[in-house]
1. For the list (1) more than 13 Å from SER217 (Cβ to Cβ); (2) under 14 Å from the mean Cα position of the chain (by Cα), I need the number of the one condition that GLY47 fails.
2. Considering only the range 111-125, I want to know if a residue exists there that is closer than 21 Å to THR219 by Cβ and at pLDDT below 95.
3. For the range 130-151, check the following and say yes or no: at least one residue is within 22 Å of TRP220 (Cβ to Cβ), assigned to a strand (DSSP E or B) and without any contact (Cβ under 8 Å) to a residue 24 or more places away in the chain.
4. Can you give me the number of residues within the range 62-87 that are at pLDDT 95 or above and under 24 Å from ALA264 (Cα atoms)?
5. For the range 68-99, give me each residue that is within 13 Å of LEU32 (Cβ to Cβ) and within 16 Å of the chain's Cα centre (by Cα).
6. Return the only residue of TRP234, TRP220 being over 22 Å from MET116 (Cα atoms), in contact with a strand residue (DSSP E or B) (Cβ under 7 Å, 6 or more places away or on another chain) and not small (Gly, Ala, Ser).
7. Hey, can you tell me all the residues within the range 181-221 that are among the hydrophobic types (A, V, I, L, M, F, W, C) and either in contact with an Asp or Glu (Cβ under 7 Å, 6 or more places away or on another chain) or under 14 Å from GLN250 (Cα atoms) (or both)?
8. Six or more apart or on different chains, Cβ under 7 Å: which pairs go from a residue in the range 179-205 that's within 16 Å of ARG261 (Cα to Cα) to one that's basic (Lys, Arg) and part of a loop (DSSP other than H, G, I, E, B)? Could you list them?
Amino acid sequence: MSAAEPAGERAAESLGEVLASLETVTDGTYRLSAPDDWGQGRTLYGGLTAVLCLRIARSTVAGLGPLRSLQLAFLGPAHGELTLRARPLRRGRSVGFVAVDAHVSVDATAAAALIMCGEPRTSELVHRRLAPPAVPAPEECAVLPLPLSGTPVFLRHMEVRFAGGAPPFSGGVPESVMWVRHRDSVGLSAEEAIVAVADVLPPAVLSASDRPRPGSSVTWSLDLIDAGADPGGWFLLHSSSEAAADGYSQQTMACFSTDGRPLAGGRQTVAVY
């Protein structure tokens, strides 16, 4: 399912098309020309980088179980011609680890990912304690009032509705709650759609600023809880800064389905300027 695109505007390259354009160089090594319309400042949108690493891990190691955890370090700008390499680290009876690095050149690494996939296990311990914030349905929420200057270009691929907390650069609480969905989800698995959307929100600390200022994710840890979601449906994202000092913020993040099920939880360290 795909949400309708705005009248008069057509995204240059959908996320599914970007993933399909990955060129195999050798087994475990891939090449991609970073699409300009998926940019975020000087680099690719972090959610796209994460999904590229996930797709490459699955392409390199057959039969991996469902994604359980992804850790990503943003080491430098990802732009231009990228080379991505996957290295299988361990494959047990149920759990597999794959490392993926993205390189701009031989001596310039843009990102490093550690991906853990695990087959389901029989267990008596089952609970879902991560609860969504109480917000109106997406149809009742206003389109996010993004500033015209400095808006990341990748957002043309997303539909975003402001649901709670404070908008970016409003001088409010360092917390954001928004409904987000892909404008074009063709070619995406449910877990890819969740990973790709989970990093859409601006750093929560920027909501506490009363003027536009840059912020950049440094590390991102994402734990997938439930991939039972419609790739083209709405996702409720919640991001909250727990602490900020010395030019860095530590924030918690969560992603929920429209019926309130927790889909993913995560943390980020963000550099603010």
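The values are calculated or read from the model by the stated rules, or taken from the named source; none is laboratory data. These numbers come from a predicted model, not from an experiment. Ideal geometry is used to build each Cβ from the backbone, glycine not excepted, and the neighbour counts take in all protein chains shown.
1. Here GLY47 clears every test but (1).
2. No, every residue in the range 111-125 fails to be closer than 21 Å to THR219 by Cβ and at pLDDT below 95.
3. No, the range 130-151 has no match at all.
4. 13
5. Within the range 68-99, just ALA78 meets the criteria.
6. Step by step, each of TRP234, TRP220 is checked, and only TRP234 is over 22 Å from MET116 (Cα atoms), in contact with a strand residue (DSSP E or B) (Cβ under 7 Å, 6 or more places away or on another chain) and not small (Gly, Ala, Ser).
7. Of the range 181-221, the ones among the hydrophobic types (A, V, I, L, M, F, W, C) are 186, 188, 190, 193-198, 200-201, 204-206, 208, 218, 220.
Matches in the range 181-221: ALA204, VAL205, LEU206, ALA208, VAL218, TRP220.
8. Cβ pairs passing all conditions: none.
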